Amino acid sequence: MAQGRKRKRRRATFYTPIAIVLIVFAVFFGISVFFRVTDIQIVGAERYTAEQILSASRVSRGDNLLLLDPAEVIENITSRLPYISDVVVEKHIPDKITVTVTESRPVAAIEAAGQWWLLDQKGRALEKADRSALSGKVRVDGLNPDSVVAGQALVVTQKDVKKREALSRLLLALHHEEMLDQCEWIDVSNIAGITMRYGGRFTVVLGTADDVEKNLLRLVGVVEQLDEGDVGRIDMTNDAEARFIPDS
């Protein structure tokens with residue numbers, strides 16, 4: 001009796017690993033045969049064609065949907081197409097993938113090594129530009145990039161990292177508040193007193209990068225209280241009160 005039970009346990013011990021191997025093999029076989037991508041949808045493309053985005057993504061019909069890495073697809077697209085700022089990749093079982101892109105627009109310009117570059121609302125470089133393309137763009141002063149690569153953040157020395165971060169934060173805040181078209185230039189040479197030219201009439205001292213979102217909202221209120229003919233300097237560095245200093 002006891003010997004019979006031992007034989008049954010030995011058989012169970014022998015067959016269990018085989019069963020596990022067979023199950024794993026069946027799972028991998030199912031993954032390799034099924035869940036093949038047959039439908040790829042590109043949403044949000046304007047500057048680039050759907051074909052260009054698909055080519056940059058390195059996704060092909062027939063790829064395995066379950067093994068597809070969305071992070072890799074996003075990196076492929078944004079590294080190859082500078083005007084793509086955000087990408088969302090959605091996988092739909094059993095065979096569909098949707099790639100939704102958000103495109104940047106050139107809002108600012110910076111000079112590096114004698115060459116002008118257009119920047120998007122995040123401060124990323126988009127492409128080289130001649131002076132004819134600078135009209136309507138925010139000029140960036142006070143930051144000297146070491147190098148510029150399309151589709152990437154400006155490459156700067158360690159001492160200028162905070163300036164680059166301040167620039168990106170201010171551009172994004174201006175974009176969100178729909179104030180970019182009123183801004184002529186930004187100067188980040190002093191990160192404790194970031195300055196910009198606004199509305200063609202005011203030189204505005206915004207303070208540090210930590211304050212830009214709050215101070216942009218305050219600025220709108222200050223300008224509304226001034227007369228249409230007022231021209232001068234607005235100092236926002238005092239949390240208690242903004243100061244308007246008219247040009248003499």
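The values are calculated or read from the model by the stated rules, or taken from the named source; none is laboratory data. Quick caveat, the model's predicted, so the values are computed rather than measured. Because the Cβ atoms are built from the backbone with ideal geometry, glycine has one as well, and the counts that use them run over all protein chains shown.
For Thr98, all conditions in the list (1) at pLDDT 95 or above; (2) surrounded by fewer than 19 Cβ atoms within 10 Å (Cβ to Cβ); (3) outside the structural domain of Glu46 (by TED's automatic domain parsing); (4) within 28 Å of Gln52 (Cα to Cα) hold save one; what is the number of the exception?
(3)
Just wondering, is there one or more residues in segment 178-191 that are under 28 Å from Asp86 (Cα atoms), touching a residue at least 24 places away in the same chain (Cβ under 8 Å), assigned to a helix (DSSP H, G or I) and outside the structural domain of Asn76 (by TED's automatic domain parsing)?
yes
Output the residues belonging to segment 64-83 that are over 21 Å from the mean Cα position of the chain (by Cα) and at pLDDT 95 or above.
Those that are over 21 Å from the mean Cα position of the chain (by Cα) and at pLDDT 95 or above: none in segment 64-83.
Mind telling me which of the residues Ala173, Ala113, Ala150 ends up being within 26 Å of Gly193 (Cα to Cα) and in contact (Cβ under 8 Å) with a residue 40 or more places away in the chain? Write out each step before concluding.
Values: Ala113 fails: in contact (Cβ under 8 Å) with a residue 40 or more places away in the chain; Ala150 fails: within 26 Å of Gly193 (Cα to Cα).
From the options Ala173, Ala113, Ala150, the qualifying one is Ala173.
Failed condition for Ser147, given (1) within 20 Å of the chain's Cα centre (by Cα); (2) under 18 Å from Ala209 (Cβ atoms), with all others met?
Of (1) within 20 Å of the chain's Cα centre (by Cα); (2) under 18 Å from Ala209 (Cβ atoms), only one is false for Ser147: (2).
I'd like the full set of residues that are on the phi > 0 side of the Ramachandran plot and either at pLDDT below 95 or outside the structural domain of Lys163 (by TED's automatic domain parsing) (or both), limited to segment 115-137.
Hit for segment 115-137 is Gly136, nothing else.
Of the residues Leu180, Leu219, Leu167, which is buried (at least 20 other Cβ atoms within 10 Å of the Cβ) and within 21 Å of the chain's Cα centre (by Cα)?
The conditions single out Leu167.
Within segment 220-234, is there a residue that is in the same structural domain as Glu165 (by TED's automatic domain parsing), part of a loop (DSSP other than H, G, I, E, B), hydrophobic (A, V, I, L, M, F, W, C) and under 24 Å from Val156 (Cα atoms)?
Within segment 220-234, none of the residues are in the same structural domain as Glu165 (by TED's automatic domain parsing), part of a loop (DSSP other than H, G, I, E, B), hydrophobic (A, V, I, L, M, F, W, C) and under 24 Å from Val156 (Cα atoms).
When only residues in segment 222-248 that are of a type in the set (Val, Ile, Thr) and surrounded by 16 or more Cβ atoms within 10 Å (Cβ to Cβ) count, which is nearest to Arg164 (Cα to Cα)?
In this case the residue turns out to be Ile234.
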